[in-house]
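What follows is one structure encoded as structure tokens, with my remarks underneath.
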Amino acid sequence: MTSSNRIWAASTQRWPVPAKRRRWVRRTRLQTHWWPDHDRKNREWIAAATPLVAKHEAVLKPALARAFDTPWEKRPIHVEMRYYVTNASAYTAIFPTLITVSSSSPRTVGPAMVEVLFHESSHALIVKARDELSKETRNRKTELPYPDFWHALLFYTNSEIVKKQLPELEPYANKYGMWQNNWPLALPVFEKDWRPFLVGKGNFREALKQIVADSAK
Ligand SMILES: [Zn+2]
């Protein structure tokens, strides 16, 4: 027991709690009350997702690499499990790719486990497509309808490819109304200009140029 603990334990006065003590209380509560449950939930998520990834990765990795015209990373992608992820179910840092996924989010269960893991992995693959969209937009001296238009393309591409493997998946953007609420102009353009490329017709750069031609303000 540290000296600050003894001071706290002996005191009957409402003294300000030292910062060190506050940290200790938080840590202790987490370890004794929440952490075992959170750890168990994290491990359950990993146990459920691992065989799904193993079953589908041999198809999904090359399909996404082709769609984004970017090789899949050679080394394994690290995924951190967290019980809570604030304001999201998952997020990703790139260079190097580090994915963080919530094990408690109701949005990342069943086939959505595969969707979220490959969506987050695709954040490392979409840089080239994002640059192409920006370049074509500059060439045309125009603007795309949404600043995060590239993210709409990522959602569309990943869910189209994952859904082929897992037909029971209801894609995240459909399920949570993102095509209506976030990017109402994007879906018809992707259906017309990007879907043919995803099923093997045309090429990456021409498809993106057409997307800009049909989306620009
Ligand atoms: Zn994303």
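Which of the peptides 60-68, 128-136 is most tightly packed, and how do the rest follow, judged by the mean count of other Cβ atoms within 10 Å per residue?
For the peptides 60-68, 128-136, the packing ranking is 60-68, 128-136.
Computed extension length for Glu57-Asp37: 4.3 nm, one decimal, from 0.36 nm per residue of separation with the Cα-Cα distance subtracted. Each principal axis of the Cα atoms in the range 120-216 has its own extent, and those three values, largest first, are 41, 29, 25 angstrom. Applying 1/(1 + (r/R0)^6) with r as the Cβ-Cβ distance of Thr86 and Asn203 and R0 = 30 angstrom yields a FRET efficiency of 0.15.
Separation of the range 108-141 from the range 171-217 is 12 Å, based on Cα centroids.
Where a number appears in this text, it was derived from the coordinates with a stated rule and is not lab data. No experiment lies behind these values; they were computed from the predicted model shown. Methodologically, a virtual Cβ is constructed for each residue, glycine included, from the backbone with ideal geometry; neighbour enumeration extends over all protein chains shown.
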